[in-house]
Every structure is written in C-alpha cells, then in structure tokens.
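S.K.: Below is the structure I would like to discuss, written out as structure tokens.
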Amino acid sequence: MRGFKAKYWREAAVCLAVLGVLVLSGPWAADAGEKALPGVVLGETHSVGTPIQVDNLVVFPIYASVHEDVGEFETLAEALAGGRAVVREVGAEPVPPQVQRSIGRRILERAVGVSATNDAVDEQVQQVQGGGGATVGTLVIENTGSKAILVLAGTVVKGGNQDRQVGQDFVVGPKQIVPVDAFCVEHGRWSGAREGEATGGQFGTVGVLASKRVRSAGQYEKDQGAVWENVALDNADNDAGAETGTLMATLDDPKVKAKRDTLVAQISAALDALPDHTRVAGLAYAVDGRVHGARWFVNHDMYRKFRPVLLGTMSVEAITAQHAAKSLGKALIAKGVPQKAVGTFIQDLRKVKVQKETATKAMNHNAYRENDEGFSSECVVEQKGRKIQFSMDFLTK
C-alpha cells in the first residue's frame with residue numbers, strides 16, 4: 001500500500017509538471033514567476049484589457065509582461081516647468097558667432113565623440129540654426145537637465161511665431177540640443193507676439209496632443225495643408241473660433257477643458273482600480289464606436305507620466321465628436337467596442353514590414369508601417385548595443 005501511494009504521488013507530480021509546461025508555453029505564457037496577462041493577447045508580451053466606457057469614449061488598458069528599466073527620463077512638460085528645457089524657433093534669437101560655434105561644437109562632438117574642426121562646427125550651426133531665420137517645419141529643443149526627455153509626436157506647443165505640433169517622436173538626451181520636425185497648427189499668425197505678449201521665440205506645452213486627424217496629417221502624411229484643414233474642422237466642430245486659426249481655440253476653450261478634465265478624472269479612477277494596474281504600459285481607445293488608436297511604452301512608469309496627456313487627447317476627440325453630432329442634430333453614438341477589434345487593428349499593422357525608418361538628430365530613430373486601415377510608428381533607442389522600443393503608436397485612417 002505504501003509503495004502504491006509513493007508511486008501515485010510520483011505520477012501525480014509528473015502530470016502536474018507537464019501541465020505546468022503546457023500552460024507556460026501556451027498563448028497566455030508570461031515570464032517565470034509572472035501570472036498570465038489579462039484580456040486579449042497581442043503577440044507574446046502585450047494584451048488588451050477590459051474596456052472602460054464613458055459616453056462615446058471607450059478606453060482599453062494595454063498590459064505588458066515585460067517592463068524594462070531604461071534609466072531616468074521626463075516629459076517635455078516636466079522639463080519646461082523645471083527650467084531644464086527650452087523649445088524655441090530656429091534662429092529666433094540673435095546669437096553671437098562665438099556662442100553659435102560653442103553650441104554647434106557641443107552637438108557635433110557629442111554625436112561623433114571627437115574634437116570637431118571649425119568648418120565642421122560651422123556646418124552643424126548652419127543646420128541647427130537654419131541659416132539664421134525662423135522656419136515653419138523645424139523647432140529646436142535644448143535639454144539642459146540630466147535626464148532624457150521623451151517628446152511624443154503630436155505634442156502641441158504654443159508661442160513662437162505660430163503654434164506648432166511636433167512631427168515625430170524624439171528622445172532628447174541630457175545636455176543635448178536638437179532640431180525637431182514640426183507642423184503649424186495656427187494658420188494666420190507669423191509674429192513674435194501672441195495675444196499681445198512677446199514670445200521671445202519660445203514655446204510652452206499644452207496638456208494634450210493634437211487630435212487624431214490633425215496629428216495623422218502631420219506625423220504620417222507629412223501634409224501641412226491637411227493639418228490646417230483638420231485644425232479648421234476641429235475648431236468648427238467645437239464652435240471655437242480664433243482670428244489666427246489656431247488649434248488652441250479648441251484646446252483652450254473653457255467648456256472643452258472642463259469636460260475634458262471630468263472625463264480624465266473618471267477614467268483615471270477606473271484605471272487605478274484595475275487589479276493589475278501596475279502592469280499597464282499604455283492605452284487604446286475608440287470614439288463613436290470606432291477604434292481610433294493605441295500607444296504603449298517601454299514600462300509602467302513611462303506610461304504613468306504620459307497617461308494624463310493620452311487621456312486628455314482622447315477626451316477632447318470624444319467631446320469634439322459629441323459637439324459635431326449635436327450641431328447636425330444627430331444622437332450620441334455610445335456603443336461599446338470589443339477588445340478583439342483593437343487587437344485585430346494592432347496585429348494587422350504589426351504584421352506589415354517596416355516601410356520607412358527615420359534617424360532623428362536626437363537619441364532615437366523611428367520605424368513606420370502603413371496598411372489600408374491605419375499607421376504605426378516605433379520609437380527605438382539604442383542602449384549598450386541593444387535596440388529598445390521606447391514606444392509604439394497606432395492610428396486609424
């Protein structure tokens with residue numbers, strides 16, 4: 001009897017071990033010691049969680065099984081508020097030649113790691129300063145702090161000669177000065193004064209990104225005319241006029257801001273109440289019953305820093321859709337969206353081969369994909385010989 005029991009327990013242990021291997025090697029597999037990700041699986045490392053819906057806005061948490069430590073970083077808003085960064089027009093300020101050369105030398109030597117000749121430095125100055133005149137398509141970000149700054153495509157900055165949105169993701173390293181792509185979101189101003197006050201060629205940030213249609217026209221389509229058209233649509237839908245045609249007419253509208261803050265607070269509370277909220281690395285969203293996009297980050301901390309911006313952006317899009325429907329006498333579209341729809345949209349884009357890669361003047365490069373349904377970009381930084389995906393972005397067409 002004793003031998004039978006021993007044999008029984010040995011066989012049971014083998015069965016349990018085999019079952020454990022099957023579970024860990026299945027589609028819900030996680031790292032050793034980690035429980036399976038909740039929701040609908042997105043490849044091996046991410047999943048789409050249960051939707052949170054308020055009116056016509058549906059937000060989905062994106063979970064990650066791996067959260068990499070990429071060192072200290074901050075948002076552009078944090079760096080500007082702390083005096084550790086400046087966003088300015090290209091050539092907005094008269095800079096003495098010796099200072100120009102010093103700036104150019106710092107950029108060039110940091111890039112190549114050797115002493116630079118004066119001719120090479122002057123060429124770098126020409127590139128960054130744009131020949132001495134402010135330009136629409138480029139801004140300069142100077143990071144004077146000790147942390148890297150992640151700047152998201154679609155970041156709206158107001159001031160300078162006209163309000164802009166940043167044209168692609170940038171990771172600006174400590175003590176780095178870089179030119180960044182930009183698109184105008186203010187059609188009727190080219191002046192160093194904004195609302196009667198001198199800007200000094202510098203900019204402040206806004207707590208949201210440009211809307212999906214405005215950002216897509218710049219980041220993915222590279223079409224300044226389409227950017228202006230979509231800014232006008234956003235303002236018209238929100239009945240928010242401005243003499244200069246700036247997107248800030250919508251983003252600064254008191255009623256829009258009040259509704260936005262309410263939505264952000266509601267959804268933030270719901271996200272914080274999730275059982276696995278510390279495993280969330282990003283968000284996907286839908287407006288009026290249709291998937292609009294998704295964005296996730298390399299770790300939970302980075303997601304937490306950008307969550308207010310992402311939720312604010314989603315909320316403004318939902319509010320804009322509400323106002324548009326009301327003006328047309330249509331009912332609010334408040335239907336749910338299945339997690340599978342988000343998963344299918346993302347997975348179909350991830351199957352597409354990278355069609356274009358852009359090396360920025362900052363620490364990162366961006367890889368782009370496109371299919372009939374939408375666009376995606378991948379922000380990649382090389383650290384210690386490894387390519388690390390800082391962020392993935394998806395937008396529907």
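Where a number appears in this text, it was derived from the coordinates with a stated rule and is not lab data. Because the structure is a prediction, the values reported are computed rather than measured. All Cβ positions, glycine included, derive from the backbone under ideal geometry; neighbour counts span all protein chains shown.
S.K.: Name the aspartates and glutamates eligible as straight-distance cross-link partners of Lys259: C-alpha to C-alpha under 19 Å, and not fewer than 8 places from it in the same chain.
M.R.: Counting by Cα, and skipping residues close in sequence, Lys259 has these aspartates and glutamates nearby: Asp55, Asp234, Asp237, Asp239, Asp288, Glu317.
S.K.: Treating only the Cβ atoms of Lys and Arg (+1) and Asp and Glu (-1) as charged, compute the dipole magnitude of the range 129-208 about its Cα centre; round to the nearest 20 debye.
M.R.: Here the range 129-208 has a charge dipole of around 140 debye.
S.K.: Here's something else I'd like to know. Loop only by DSSP, 14 or fewer other Cβ within 10 Å of the Cβ. Give me the trypsin sites (Lys or Arg not before Pro) in the range 234-264 that pass, ordered by residue number.
M.R.: Working: sites: Lys255, Lys257, Lys259, Arg260; in loops: none.
Hits after loop and neighbour filter: nothing returned.
S.K.: Moving to a separate point now. Give the peptides 269-278, 284-293 in descending order of average Cβ contacts within 10 Å, highest first.
M.R.: Working: 269-278: 12.5, 284-293: 22.9.
Taking the mean over residues of other Cβ atoms within 10 Å, the ranking is 284-293, 269-278.
S.K.: Kindly flag which residue pairs out of Lys257/Lys305; Lys356/Lys387; Lys158/Lys222; Lys175/Lys212; Lys351/Lys387 have an alpha-carbon separation exceeding 27 Å in this structure.
M.R.: Values: Lys257/Lys305 20 Å; Lys356/Lys387 17 Å; Lys158/Lys222 20 Å; Lys175/Lys212 32 Å; Lys351/Lys387 19 Å.
Violating the 27 Å Cα-Cα cut-off are Lys175/Lys212.
S.K.: What lysines could a cross-link reach from Lys255, if we take a straight Cα to Cα line under 17 Å and drop same-chain neighbours fewer than 8 places away?
M.R.: In chain and number order, the partners are Lys326.
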